[in-house]
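Shown next, in structure tokens, is the structure this report addresses.
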Amino acid sequence: MDIPKKRVSLILVTLVTASLVLMGVNWQRIRSMTSAAGPAVASAAEAEAPTRIRAEGRLVPYPGAQVTVGTDVGGRIKSLPVLEKTVVKKGELLAEIDASEQKAAWAEARARMKEAEVDVKLFDVELRRSQSLFANSAVAQDTVDRSEHDLASAAARKDSAAATAWRLGTVVDKTRIVAPIDGVVTARLAEAGETVPPGSQLVTICDLSRTRIEAEVDEYDATRVTLGAEATIKVEGNPGKAWKGKVEEIPDTVTSRRIKPEDPGRPTDLRVLPVKIALLEATPIKLGQRVQVEIKAPAQP
């Protein structure tokens, strides 16, 4: 028995639509394709319009909640008392660079400063004496001038030594690296005993109480995401469990995919909107872990 051509066309369109849904193609693209096939098919597709936007995401820290701490001073790491998962407070010692040479130079600069201070006191007394003798016509003007010169030179040496001492003191202070924020050590990037150059990274600290989800929404769904929209977060390996969230930040530009940049099931030129979602409850999700996100979409007009 021959199948009517109209029914064959309807079956083919239905199969194409189902395949595109499985490949993750956006609803708007399906609607545009089905509408070309006829009013009846388009109306059926619109009736099944998704009420939730699906996306993949990762748990990320808020800006400023994660820092990688390094050293401004090169040298041998004298101590590195923190390990991964160590809880640290702001100002707590993270590492110390051997500062034996810097401390010796600092002590020398301070000694020169004190020596210059002694000279300043001596030449000040001599200047007053010269001025008194000159007033009584006991010495010539050049004696007073020489005393003034000696006092000015001693004062300059004192200022120079003080500046050197201050500079070396800051270098010594930098050999003690402390935590800039409260948090947990998530990565230890060096070991005690290593000799590191200036600028080397030592540890990464993250405030795990300040994390959120960054979801990569397909660019075709970008206009359907709204601030405050409800979101559901799920994790593979935790079947039946979901956590609540809400959209708190929507950027103004789309970017390239980062979670699955080489996904063969999606168009290579597809860009995404990195939507930020606040968690409304505690979760066991680990920093950087991939999650599945469903965002409630506004009702279709």
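Residues in the range 220-236 that are assigned to a strand (DSSP E or B) and of a type in the set (S, T, N, Q): how many? Before you say what the answer is, go through the steps one by one.
So in the range 220-236, the residues assigned to a strand (DSSP E or B) come out as 230-234.
Those still in the list that are of a type in the set (S, T, N, Q) too: 232.
Result for the range 220-236: 1.
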Of all residues in the range 250-269 being exposed (fewer than 14 other Cβ atoms within 10 Å of the Cβ) and within 25 Å of the chain's Cα centre (by Cα), the one that is modelled with the lowest pLDDT: PRO261
Conditions (1) surrounded by fewer than 18 Cβ atoms within 10 Å (Cβ to Cβ); (2) more than 16 Å from the chain's Cα centre (by Cα); (3) not in a helix (DSSP H, G or I) -> GLU216 fails only (1)
Given (1) touching a Phe, Trp or Tyr at 6+ places or on another chain (Cβ under 9 Å); (2) among the hydrophobic types (A, V, I, L, M, F, W, C); (3) outside the structural domain of GLN289 (by TED's automatic domain parsing), ALA138 misses just (1)
The condition from (1) among the polar types (S, T, N, Q); (2) out of contact with any Leu (no Cβ under 8 Å at 6 or more places or on another chain); (3) surrounded by 14 or more Cβ atoms within 10 Å (Cβ to Cβ); (4) farther than 30 Å from LYS85 by Cβ that THR175 misses is numbered (4)
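Just checking, does the range 237-258 include any residue being part of a strand (DSSP E or B), out of contact with any Phe, Trp or Tyr (no Cβ under 7 Å at 6 or more places or on another chain), of a type outside the set (Phe, Trp, Tyr) and closer than 30 Å to ARG76 by Cα?
No, the range 237-258 has no match at all.
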Looking at VAL272, VAL235, VAL225, VAL247, can you tell me which residue is farther than 30 Å from LEU80 by Cβ, touching a helix residue (DSSP H, G or I) at 6+ places or on another chain (Cβ under 7 Å), crowded, with 18+ Cβ neighbours inside 10 Å and aliphatic (A, V, I, L, M)? VAL272
Which of the residues belonging to the range 280-300 are outside any loop (DSSP other than H, G, I, E, B) and among the charged types (D, E, K, R)? ARG290, GLU294, LYS296
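The values are calculated or read from the model by the stated rules, or taken from the named source; none is laboratory data. Please read these numbers as outputs of a predicted model, since none were measured by experiment. As a convention, Cβ positions derive from the backbone with ideal geometry for all residues, glycine included, and neighbour counts pool all protein chains shown.
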